[in-house]
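Student: My structure is below; once you've seen it, I'll send some questions.
The values are calculated or read from the model by the stated rules, or taken from the named source; none is laboratory data. These figures come from a predicted structure and were not determined experimentally. Neighbour counts are summed over all protein chains in view; Cβ atoms, including those assigned to glycine, are modelled from backbone coordinates with ideal geometry.
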Amino acid sequence: MALTLPAPPPRWLEDLSSGPVTTKTKQSFPDPLGYQVASRQQKSSSNKMIAQPRKQPTAEEMDTLKLKKAWELALAPAKQLPMNAIGMYMTGNSLQIFSIMMVFMLFKGPIQAVLNIQNTFQRLETDTNRQQMLAVKAAFVGCNLLALALGIWKVNGMGLLPTTRSDWLAWESAREPLERAYFVPT
Amino acid sequence: MRASNRANAHIMLSTLLTAASLFLVPALAVFADEAWNVDYHFALLGAPKEETSFFHQPNPSSRASLIYTLSEQHALGAVNPRDGSLVWRQLLSSDGVAYRTSFLRAGEGQDVVISGIGHEVAAWSAADGRLVWTLSTDGPLEDVEILELSDGKETAGAKDAVALSSGANPTVQRIDGASGAVKWQFNIDGSDAPYQLSASSTQIFAILLHKTILGYVKLRVVVLDPVTGHKVDEYSLNSENELSTTENIVSVGANSASPMIAWTDSLYTTLKVNVVGTKSIQSFDIAAHDDSPIEHVKVHAPYHVNSLSHFLVHYQTAASHWADVFHINLKNGKVEKAYSLPKLAGRGAFSTSTSDANVYFTRVTRDEITTVSSASHGVLGRWSLNTFGVAAGIGEQVEPIHAASEVSVKGDTVSAIRTTILLSTGDWVMLRDGKGIWNRPEMLASTMVVTFALPADAATLVQQLEVEAHSNPVAAYIHRVQRHLSDLQRLPSIIVSLPQQIVKGFLGTSADDLTASDTFGFRQIIVCATRGGRLVALDAGSPDKIVWNVNVADLQPGQSREPFLASRIAGVVEVSSRAGAGIQYNATNGQPLAERLPVVPEGPQVPSSQVVLYTMHDGTLEASFNRTPAWAFTPMHGERIIDMVPRPVNDPVASIGKVLGDRRVLYKYLDSNIALLVTAQDSMGTANVYVLSTVSGAIIYSNVHTGVDLTIPIASIMSENWFAYSFTNEASDEASKGHQLVVGELFESLVPDDRGMMGATTNFSGMQTATEPFALTQTYQIPEVISKLAVTRTRQGITSRQLLAVLPDSNGIVGIPYGAVDPRRPVNRDPTKDEQAEGLVRYTAVLEFDPKWFLNHQREIVGVKNVFTSPALIESTSLVFAYGLDIFGTRLSPSFSFDILGKDFNKLQMLATVAALAVATFIVAPLVMRKQVDQRWRFL
C-alpha cells in the first residue's frame, strides 16, 4: 500500500556471513571445498606455534591403530554387561511393562549389533588386517552373545522359557480307561 | 409423530431414571449387585393339609387374619393372605421322620396356635411364630383339641388344650394354655386304641376303637369332666358289622356345639351319624348319582362352640360330586337332612366358615365358587372361574383338592370372599372374589430328584452345530448357508426389537441380558420330579414362573415312587422309575416325545462289552461285567453302607496335574471309575471310608474314624481326583464333641514330574493293572454339621472348584473354595515361597465359615435335602439348585467371572470415553495439520 521498508537481507545471506555457531563434534565426513571453520583455524594457528607439524602415520601404524580401535569397539558390549545385569536384577522377575520393555531392549541391542557387524567394522577394516579383524569380530559376536545370554537368563528367571514339565502339561493327556463302570440305582 | 415423540420422551425418561438409580443403589453386601438378583428362593411349606389349614386372626383385637397351615412336610407356618408371603415358619420334624398324623388348632380369639406332632404338643405365638411352651407326651399323639368351655370358670387368657396320646399308657391330658403345665391326666384303661378327642362346651369325649373278635371295629366313648378329669360315663356304640376299618370313619366332629361321629359302610351305601353323648345312631341312605362308585365321603362342620350345629357331607366320585347339609337338633339330638347341593362334574372342595353363629359353606369346583348359608340352600354369592392361573399339562383339568375360606357377609349377600385352594397341580392358590391373587408352588417342597436341561431351541442349535462339525467342509458350508437363510425369516422381528435392544445394551450389562438369546447358558430348564408324581419345570433365568407342570405318574395315596431324571440329549428330559429306558419329554414345553431319539451315552464311547454295571443290593455293592458277577463289596458283620458316591460320569478335568510353585507337576490320579463309600459300624461307633475302583472292586484307599456319632448325618462327595466327607465325633476323654471335614486328594505319585507306575501309557485296563494312588488327606474342625455336600461343575473343568455344604442348623449353604481345604496346606510351618505362589497357606485345624461364603445371604433356606449343580455354557459359571423343603438357586463363579463382563462394568462410561476421544481427535486433527504445515515453511 504504502512505501515499504527495504527488505531485510535473505536468511541464507545472513547464515553465510555469520557461519554456524556450534561446532560439530563428530567429523565423520569431510568438510565441503573451500569451507574453513574459524575456530579450527585459530586452534591450528596456535598449535603451529608450539608443536611440529604432525607426521602422517605409516600404513602399519594405521593398521595397528585401527585394530586397537576395533578391539575397543568389540569389547564395548562386554563392558555394558555388569550394568545391564544390575539393571535386570533390579527390575525383578515379575511380569510388568517396565521389566518386559527392558528385556526387549536387552534382546534387541545384541541382535541388531550382530546384524550390523559389517557396517560397524567397515571403516576399520583394511586388506592387510583382515585376518586379525576376524578375531575381533568373533569377540564382538561373543560379547553380544553374552548380553543375549543375560537376556535369556532374565527371561528364564521370569518363567517365560518352557523348560519345565508344567510347560508341556497341556500336551499330555489323561489315560483313557478301557472299561467304564456305571452305577445302576435300584 | 406425536406418538413417537412420546415414546422417545419415555425412553429418555427411563434412561434418566435408570441413570439416577445407578447412583442411588446402596452397597448392601459384599456382592450387593448379585444378591437377590442372580439367586432365587421359594420359602415353601409343603402341601397344606385340609384339617390343619385355616384362617385365623393372630391379634384378637384386629380383624386382619393370616392363613395357618401345618403341611404334609411337617412345616408349620403363617402365610399373609394379601401376597402369599411367608410370615413365619417352624419346621416341626427336621430329621425327615414322617408322622402319620399332625394337628394344628387355634382357639377363637386366641393369639397362639397349638400344634401336635409325634410326642410333642407346642404352642406358638400366632403373630411371630415364637415358641410359647412345649410339652412331651409319653406316647404318640392321637389328637389335640382346644377346650372351649362355657362354664364361666375359664380365665380370660389362654384357653387350655386337651391331648390324647396312645402307646403303652394311653392318656388324656389337660394342658394349661398359658404355661403348658399338665392340669390333670386321665389314664385310659383297657387295650382299646385311642382314636380321637371331641369336646363340647361341658364335656370331653375320648373315642376309642375296640376290636371285636370278628375283626370289626366298635367305637367306645369315654366321657370326662373337663374340670376334674374324672370319668363321668362310658359307653359303646352299636356299630358292629359295619365298621371294618378306621378308614370308614368319616368324621369325629370336634369342638362344634354338638360333636358327632359319622361313619359309612365299606361300599358307601349308608351314612351313620351319632351325636356324641347320645347312644342313638341315625342312618341315611347315600343315593347314587352316577355310575362311578363313591371314592370318599367327607364331613365339613364348623369348629366353634357357639356356631350353629349344622354340617355338610361331601360325596365324591371319579366323575362328579354333590353334598348334603344336615342340621342337628340340640334339644333331642336328632339329625335331619336340610337340603342338598346339586351334582356337579369334576372334583369339588368345600370349606366351612363362620360369622358369629352363622355357618357358611363355600363350594369350589373347576369353574365356579359358590357360597351358601347352612340354614338354607339359597346361593349367597357366586363367582365364575376361568382359570386358576397355574401351569398344567395340555388337556389336563385342574381340580381343587381342598379349600379354606374367609367370608364377610353383609345382609344376605357375601360381600367379599377369600379362598385358598390346593389344586391338583400341587399349587396353593388364593382367590379373592374368584380372582387369583397369588399362588405358591408348594409341590416343589416335595421335590425328589432334579435335572437341568437345555431349552429345546438352544438344543437344536447345538445339534446343528454338531452336524456341521462332523460333516465335510463343503457339506458343512452348505448346511450353514441354509441355516442362515432359514434364520433370515426371523429378521423382521429382530429389526422390530432392535431399538429396544440397543437401548438395553447401552444401559444394561451383558450379564443381565437374559431376555434375548441365551449365549451364556443361564436359562436352563430345571425339571423337578415331585413325590406326587408330577414333573415341574422352572427356568433358571427367570425362576418366578413355573414353565410347565405335568402329571407323569398316577399314584394311589400312600404309594411312593423313586423316579430318576436325566437329560442325556440336549432339550430332552427322560423320566424313569427304574434304570433303563424311560419316558422322554420336551424340555421347553413338557410335551411327551412320541418318537424315540437315540440315546447318546455321555462321555467317551466305550464298547458295550466293556461296561461294568454295579448296583446296591441288600446292603452290598454288586457289580456285573458281561452279565456275569464281577465283584461285590460286602460290608463286615455289623457294618452298613451309609453312602456311596461315584465320581460323576461327566466330570471334565482341564489339567491332569497340579503345577507346583517351582513349575514342576504333581500328577493327579484321574480314574473315571472310582467311588467313595462310607460305612458305619454302629456297635463300635466307627465310620469307615473307602475309595473303590469300580471296575475291579479293589479298595484303593481306606480310612477309619473311631468315636463317631452315627446319629448325625455323614455327608460325602467325590469329584476329579479328590473326595471330602464330614462327620461328628463323640466327646471322649481326649477330645470334645466336634464336627470334622476331611478332604483327601489322590495323586499318581507324590514325587513331582513323575507319572507313577504306568508312566505315559495312553490307556489302561482297571482289571488288569492294579494301581494305587498316593493320597494326601487333611482334617478340619468345622463349626457345625454338614448334612449334604456338593461341588460346583463347569463346562471344561478349568475353573477352580467350590465345595457346597448344606448347613441344617443355620439354614444355609456355604461355598467353601477348594483352596481353603486343600490337603497340601503345609502343617506346622509357614509356606515356602513356592507354596505361596500356589496359594497355599499354613494349615490351621479350625476352619471357620467365612460369612462371605454363605450363598444364601440373609435368607433362611430350610430343609435342604440335596444340591444339584450344572455347568453353564460359559466356563466361569456353575448353576446351583438346592431343593428339599425350600427351593434355592443361584449362579456361582468360583474363579470369578473371567469370561463375562460383570455388573460393575460401566458401559456408559466406556462409550463416553470412546466418544470423547473421537471428538477430541476431530477437534485436534486440523490444529495439528496446520502446525505441521507451518513447521514445514519455517526456516531452521
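Student: For A:Ala147, which of the numbered conditions (1) hydrophobic (A, V, I, L, M, F, W, C); (2) farther than 30 Å from B:Ala630 by Cβ; (3) at pLDDT below 90 fails to hold?
Tutor: Condition not satisfied by A:Ala147: (3).
Student: Follow-up question, since we're still on this one. Within the range B:396-478, considering only strands (runs of 3 or more DSSP E) that don't extend past its boundaries, which have at least 1 residues that are small (Gly, Ala, Ser), under 36 Å from the mean Cα position of the chain (by Cα) and loosely packed, with under 14 Cβ neighbours inside 10 Å?
Tutor: Details: elements: B:400-410, B:413-423, B:428-432, B:435-440, B:447-453.
Here the list reads B:400-410, B:413-423.
Student: Looking at the range B:735-768, which of the residues that are farther than 19 Å from B:Leu666 by Cα, more than 10 Å from chain A (Cβ to nearest Cβ) and modelled with pLDDT of 80 or more is surrounded by the fewest Cβ atoms within 10 Å (Cβ to Cβ)?
Tutor: B:Ser736
Student: Would you check if B:Val704 is of a type in the set (A, V, I, L, M), away from chain A (no Cβ under 13 Å) and under 20 Å from B:Gln768 (Cβ atoms)? Working first, answer last.
Tutor: Working: of a type in the set (A, V, I, L, M): yes; away from chain A (no Cβ under 13 Å): yes; under 20 Å from B:Gln768 (Cβ atoms): no.
So B:Val704 fails the test.
Student: Ok, one more. Which of (1) assigned to a loop (DSSP other than H, G, I, E, B); (2) within 29 Å of B:Arg366 (Cβ to Cβ) does B:Ser251 not meet, given it meets every other one?
Tutor: Here B:Ser251 meets the rest and fails (1).
Student: Okay, next question. Just checking, does the range A:171-179 include any residue being farther than 30 Å from B:Ser624 by Cα and either within 14 Å of chain B (Cβ to nearest Cβ) or modelled with pLDDT of 90 or more (or both)? First the steps, then the outcome.
Tutor: From the range A:171-179, those farther than 30 Å from B:Ser624 by Cα are A:171-172; that's our starting set.
Filter again for either within 14 Å of chain B (Cβ to nearest Cβ) or modelled with pLDDT of 90 or more (or both), leaving A:171-172.
For the range A:171-179, residues farther than 30 Å from B:Ser624 by Cα and either within 14 Å of chain B (Cβ to nearest Cβ) or modelled with pLDDT of 90 or more (or both): present.
Student: Quick one: count up the residues across the range A:157-170 that are away from chain B (no Cβ under 11 Å) and part of a helix (DSSP H, G or I).
Tutor: 1
Student: Which numbered condition in (1) of a type in the set (Val, Ile, Thr); (2) more than 10 Å from chain A (Cβ to nearest Cβ); (3) in a strand (DSSP E or B) is the only one that B:Thr711 fails?
Tutor: For B:Thr711, the exception is condition (3).
Student: Say we look at the range B:664-702 and pick out the residues that are closer than 21 Å to B:Glu720 by Cβ and charged (D, E, K, R); which of these is surrounded by the fewest Cβ atoms within 10 Å (Cβ to Cβ)?
Tutor: Narrowing the range B:664-702 to residues closer than 21 Å to B:Glu720 by Cβ: B:664-678, B:689-696, B:698-702.
So of that shortlist, the ones also charged (D, E, K, R) come out as B:664, B:668, B:671.
Numbers: B:Arg664: 17, B:Lys668: 20, B:Asp671: 23.
Among them, the one singled out is B:Arg664.
Student: Same structure, new question: Quick check: is even one residue across the range B:774-795 over 26 Å from the mean Cα position of the chain (by Cα) and within 14 Å of chain A (Cβ to nearest Cβ)? Show your work before the answer.
Tutor: So in the range B:774-795, the residues over 26 Å from the mean Cα position of the chain (by Cα) come out as B:774-782, B:795.
Filter once more, so that each one left must be within 14 Å of chain A (Cβ to nearest Cβ): none.
Looking for residues that are over 26 Å from the mean Cα position of the chain (by Cα) and within 14 Å of chain A (Cβ to nearest Cβ), one finds none in the range B:774-795, hence no.
Student: Go through the range B:128-138 and report how many residues are buried (at least 16 other Cβ atoms within 10 Å of the Cβ) and within 25 Å of the chain's Cα centre (by Cα).
Tutor: First pass over the range B:128-138, keeping only residues buried (at least 16 other Cβ atoms within 10 Å of the Cβ): B:129, B:132-133, B:135, B:137.
Those left that are additionally within 25 Å of the chain's Cα centre (by Cα): B:129.
Residues flagged as buried (at least 16 other Cβ atoms within 10 Å of the Cβ) and within 25 Å of the chain's Cα centre (by Cα) within the range B:128-138 amount to 1.
Student: Before we move on, is B:Val359 in contact (Cβ under 8 Å) with a residue 40 or more places away in the chain and within 21 Å of B:Phe54 (Cβ to Cβ)? Explain how you work it out, then say what you get.
Tutor: Numbers: in contact (Cβ under 8 Å) with a residue 40 or more places away in the chain: yes; within 21 Å of B:Phe54 (Cβ to Cβ): yes.
Criteria met by B:Val359.
Student: Please tell me if B:Ser870 is part of a loop (DSSP other than H, G, I, E, B) and either closer than 29 Å to B:Leu444 by Cα or touching a residue at least 40 places away in the same chain (Cβ under 8 Å) (or both). Write out each step before concluding.
Tutor: On the way: part of a loop (DSSP other than H, G, I, E, B): no; either closer than 29 Å to B:Leu444 by Cα or touching a residue at least 40 places away in the same chain (Cβ under 8 Å) (or both): yes.
Here the answer is no, as B:Ser870 does not meet what is asked.
Student: Which one is farthest from B:Tyr669 (Cα to Cα), of the residues in the range B:694-708 that are within 34 Å of the chain's Cα centre (by Cα) and outside any loop (DSSP other than H, G, I, E, B)?
Tutor: At the first step, the residues of the range B:694-708 found to be within 34 Å of the chain's Cα centre (by Cα) are B:694, B:705, B:707-708.
Next cut, outside any loop (DSSP other than H, G, I, E, B) only: B:705, B:708.
On the way: B:His705: 24, B:Val708: 29 Å.
Filtering the range B:694-708 for residues that are within 34 Å of the chain's Cα centre (by Cα) and outside any loop (DSSP other than H, G, I, E, B), the one farthest from B:Tyr669 (Cα to Cα) comes out as B:Val708.
Student: Based on this model, can you work out whether B:Met684 counts as hydrophobic (A, V, I, L, M, F, W, C), assigned to a loop (DSSP other than H, G, I, E, B) and more than 10 Å from chain A (Cβ to nearest Cβ)?
Tutor: Values: hydrophobic (A, V, I, L, M, F, W, C): yes; assigned to a loop (DSSP other than H, G, I, E, B): yes; more than 10 Å from chain A (Cβ to nearest Cβ): yes.
So B:Met684 fits the description; yes.
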